[in-house]
1. For the range B:191-231, what are the residues that are under 13 Å from B:Asp142 (Cα atoms), of a type in the set (D, E, K, R) and in contact (Cβ under 8 Å) with a residue 60 or more places away in the chain?
2. Among the residues of the range A:41-80, how many are open to solvent by less than 40 Å² (accessible area, probe 1.4 Å), in a helix (DSSP H, G or I) and not small (Gly, Ala, Ser)?
3. So, B:Pro157, is that one open to solvent by 30 Å² or more (accessible area, probe 1.4 Å) and either touching a residue at least 12 places away in the same chain (Cβ under 8 Å) or touching a Leu at 6+ places or on another chain (Cβ under 8 Å) (or both) or not?
4. For B:Asp163, indicate whether it is farther than 13 Å from B:Tyr207 by Cβ and either open to solvent by 60 Å² or more (accessible area, probe 1.4 Å) or at pLDDT below 85 (or both).
5. Assuming A:Arg101 fulfils every condition listed in (1) open to solvent by 70 Å² or more (accessible area, probe 1.4 Å); (2) modelled with pLDDT of 90 or more; (3) within 10 Å of another protein chain (Cβ to nearest Cβ) apart from one, which condition is it?
6. Output the number of residues of the range B:42-68 satisfying the condition of being surrounded by fewer than 20 Cβ atoms within 10 Å (Cβ to Cβ) and free of Cβ contacts under 8 Å to residues at least 12 places away in the same chain.
7. Could you tell me whether any residue of the range A:173-182 is open to solvent by 30 Å² or more (accessible area, probe 1.4 Å), within 11 Å of chain B (Cβ to nearest Cβ) and closer than 14 Å to B:Glu46 by Cα?
8. Select, from A:Glu111, A:Glu121, A:Glu143, A:Glu129, the only residue that is modelled with pLDDT under 80 and over 20 Å from the mean Cα position of the chain (by Cα).
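The values are calculated or read from the model by the stated rules, or taken from the named source; none is laboratory data. What you see is a predicted model, and the numbers here were worked out from it, not measured in a lab. All Cβ positions, glycine included, derive from the backbone under ideal geometry; neighbour counts span all protein chains shown. With ligands, DNA and RNA removed, areas are computed over all heavy atoms of the protein, side chains included. Shrake-Rupley method; radii C 1.70, N 1.55, O 1.52, S 1.80 Å.
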Amino acid sequence: MGILCLDDKKKENTPLEALGSMEAIDSTVAGSDEQAILRNMAGLRAQLARVTGNIELASDLLHDAVVTALQKLRAGEISDPTHLDGYVYRVALNHFRNYRRKDKSRLETSEDTPEPSDETESRVVTDVEVGQWSRLVKQVLQEVRLVRDRQLLVRFYLQEESKEDLCRAFGLSELHFNRVIHRARDRFRELLQQRGLSKSDFLSIVAILLLAAGV
Amino acid sequence: MCESHVDATQIDAEQVISRYLAGRLPATESEAFERYVSEHPEIRDEIERTLKFREGLAQLRERGELSALLREPASRRWLPYAAAASVVLATLAGVLWLQPRTTAPAVLFLSSSDLAAHHPGVAAILGSYVLARTRGSAAVTDVKLPGAGAIELKILPSDISPDGGYRVALTRLDNRGGTAQIDTGPAGADGYVTIYVDGAQLARGDYEVSLIPLSPGHTRGDADRFVIRVQ
């Protein structure tokens, strides 16, 4: 898996000299359990795949976040190594936001998320863990008694309508809205925990990254 | 968004997360949020759950399963239609029930004072006509168009209603108008059932005046029928 540097300016500013080569870091991280890192950011990776339309690019962006974090660590810009995982997530989120901003107009004008158009993208939908999420989400929706509340969840989470707009559209109080969202969220958390899909093991990420950085 | 502000909103992290993910946070607040997230693993867990939930929904939509989950169960799907139908029926029944009471007073009145109360200035009785089945009587009673006044109709029942009341209906015969009707009390001391017609509601033409006792056992076939020709 190659390193994807999206911003040439950023690449120029990378303190490669202090780190050795990017390839060296890349191979070090790749030699570690990168799958574990990706697994702990699976939700973000799935959404990166959506906004970029490419699961490989999403993985590359996460990998780039890892490398960037290691560079920062070696450059002394991250004072507390235990925050390394957080820094990785921060960089990855930043990638997501940047792509999201580019993609926003497309998402806003398209009612449906585009269907996977090639073999690479189709891997998103065949991901085993993603399949488990959808089953759990389906269970959560089925347990919500009122169809109106199911529609509320879909419009809030999937269509990203604001709380204010939804309360107005459904004639709901803020209290009722919060109750619906929190119950669904708590139930989803419970189901994830029951199937061992919940807690992200960020400590293991830190260990992997520190090992890769030689710290 | 400063750090303290993010801390304050932690109790409602879902709201901040959803706004961030939807791109509704300003750039400076987004950067502050990302910084905050980097130092708070519990928020990262929350974000991951939110993203997994969203991805799960997206998967359901792509597999065509979502729309079915957002519909009423089949067993209950008829309920709104049944409710709507019952409302329509109830409304129709109400209209039919109220029609005699709401349309009749506009044309027919039990007394000249009732008519005056509804139409001030129309109290003048411009004509009085007797409708009775008597040997040799004309089949059609000519009535002079009263204009802004009223006419009095004195109808002689052929059948005395033991319970007292009658229903009087006025129907235009050329199908260019509806029917007005009114329920009256018993016949007067003179044996006639007297009603008053707002002349302003009449037009030139033939009308049928029918009278039927309100007591049980009487049908429309038992009605006394008369024709008046307004001219």
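1. Those that are under 13 Å from B:Asp142 (Cα atoms), of a type in the set (D, E, K, R) and in contact (Cβ under 8 Å) with a residue 60 or more places away in the chain: B:Asp206, B:Arg229.
2. 18
3. No: the conditions fail for B:Pro157.
4. Yes, satisfied.
5. (2)
6. 9
7. Yes, the range A:173-182 contains a residue that is open to solvent by 30 Å² or more (accessible area, probe 1.4 Å), within 11 Å of chain B (Cβ to nearest Cβ) and closer than 14 Å to B:Glu46 by Cα.
8. A:Glu111
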